[in-house]
Amino acid sequence: MAGPRSAIEWLVSAAADPEGCRFEWERNPLGVALLPAGRLWDILILSGELGYPTLDVLTRLTGRPGPVLADFGDSRLGFFVPPGTAGRWLGTGVRAIGRGTWIVVPYPGRPTGGVRWLIPPDGTGHLTDPVVLELAMHEAAAQLAGE
């Protein structure tokens, strides 16, 4: 079953102690949790300047990309991609977050003062294909260069 509850279960399943993580997360007044990357997902972080046009292209190409985060001030966007992507990523201007790193993740459906979901997880484990993401980045960069 996809939805907010299954999205929460999917996210906390990345933690060493999923039940403990969910318990703390649900009671955290900030509505965020620190979760490890590299197990269920890696994250590619783009500047907001490139990230938003990339998200527009990606949405046109795929209909619904995998989860996407935006930080406070929309200066960076994080695209959830399959684990192992960070170790193979060669693109410049993109920060790759993988095994051995952690990311602040907001509770789905709950407003926070910082990071927020632009595309929340659906609970199925659907991630953005890094090849399609790279194509979307190239198209977005070309659009930006033509402005």
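The values are calculated or read from the model by the stated rules, or taken from the named source; none is laboratory data. The structure displayed is predicted, hence computed values, not measured ones. Reconstructed Cβ throughout: ideal geometry from the backbone, glycine too, with neighbour counts over all protein chains shown. All accessible areas refer to the heavy atoms of the entire protein, side chains included, with ligands and DNA or RNA removed. Shrake-Rupley method; radii C 1.70, N 1.55, O 1.52, S 1.80 Å.
Overview of results
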quantity	calculated
Three-way shape label, region 1-83, alpha-carbon gyration tensor, a/c 1.5	prolate
Residues of the chain: accessible area per residue with a 1.4 Å probe, Å²	52 Å²
Computed P(r) (all Cα pairs; region 51-100; 10 Å bins; percent)	22, 51, 26, 0
Approximate spin-label separation Ala142-Phe72, in nm, with each point projected 7 Å along Cα-to-Cβ	3.8 nm
Value at 222 nm in deg cm²/dmol, rounded to 500, when DSSP H runs of n ≥ 4 in the chain each add -39,500 (n - 2.57)	-11500 deg cm²/dmol
Accessible area of region 98-147 belonging to carbon and sulfur atoms, whole % at 1.4 Å probe	59 percent
Potential extension, Leu118-Leu61 segment - 0.36 nm per residue separation minus Cα distance	18.8 nm
nm² value of the averaged projected area, convex hull over the Cα atoms of region 1-140	7.8 nm²
Local electrostatic count at Ser47 - Lys and Arg +1, Asp and Glu -1, tallied over other residues with Cβ under 11 Å	-1
Net charge of neighbours whose Cβ lies under 10 Å from the Cβ of Pro83, counting Lys and Arg as +1 and Asp and Glu as -1	+1
Net charge of neighbours whose Cβ lies under 12 Å from the Cβ of Leu135, counting Lys and Arg as +1 and Asp and Glu as -1	-2
